[in-house]
Amino acid sequence: MTDDLSAEAQARIADLRQRIDAIDCQIVQLLNERARLALEIRHLKPQVHWGLYDPKREEEIFANLARCNQGPLYAENLREIYEAILHVMKELRD
């Protein structure tokens, strides 16, 4: 009986890991799409005489994330993740 439960749990773990792998690929695709859009914005900013760094826009992003977040991620954790994403986006070179 315990072996059956163990086998079921192992199969469930394998299934969940496959789903996580698929989600990770989607996240990578979305991050790359976000990067392309950020680069396009970067190219347009000089035409409207805007600086490359916009702290107000970053706060808008964080506020939007807080509105979107339905958990289980904590708002602080999501902010940490996006601080890292924004840092990388700022360093992009095309």
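The values are calculated or read from the model by the stated rules, or taken from the named source; none is laboratory data. Predicted, not measured: the structure shown is a model, and the values here were computed from it. Note that each Cβ is placed from the backbone with ideal geometry, even for glycine, and that neighbours are counted across all protein chains shown.
Let me spell it out: the conditions are (1) hydroxyl-bearing (S, T, Y); (2) at pLDDT below 95; (3) surrounded by 12 or more Cβ atoms within 10 Å (Cβ to Cβ), and T2 meets all of them except one. Which number is the exception?
Result: T2 passes all but (3).
Being outside any helix (DSSP H, G or I) and either surrounded by 14 or more Cβ atoms within 10 Å (Cβ to Cβ) or of a type in the set (F, W, Y) (or both) is the filter here; which residues of region 53-94 pass it?
First, pick out the residues of region 53-94 that are outside any helix (DSSP H, G or I): 53-54, 69-74, 92-94.
Answer for region 53-94, where residues must be outside any helix (DSSP H, G or I) and either surrounded by 14 or more Cβ atoms within 10 Å (Cβ to Cβ) or of a type in the set (F, W, Y) (or both): Y53, N69, Y74.
When region 6-35 is examined, which residues are found to be without any contact (Cβ under 8 Å) to a residue 12 or more places away in the chain and under 18 Å from E83 (Cα atoms)?
Residues of region 6-35 that are without any contact (Cβ under 8 Å) to a residue 12 or more places away in the chain, as a first pass: 6-30, 32-33.
Across region 6-35, the qualifying residues are I27, V28, L30, N32, E33.
For region 56-92, give me each residue that is more than 21 Å from R42 (Cα to Cα) and in contact (Cβ under 8 Å) with a residue 12 or more places away in the chain.
Initially, region 56-92 is screened for residues more than 21 Å from R42 (Cα to Cα), giving 63, 65-81.
L65, A66, L78, R79 - these are the residues of region 56-92 that are more than 21 Å from R42 (Cα to Cα) and in contact (Cβ under 8 Å) with a residue 12 or more places away in the chain.
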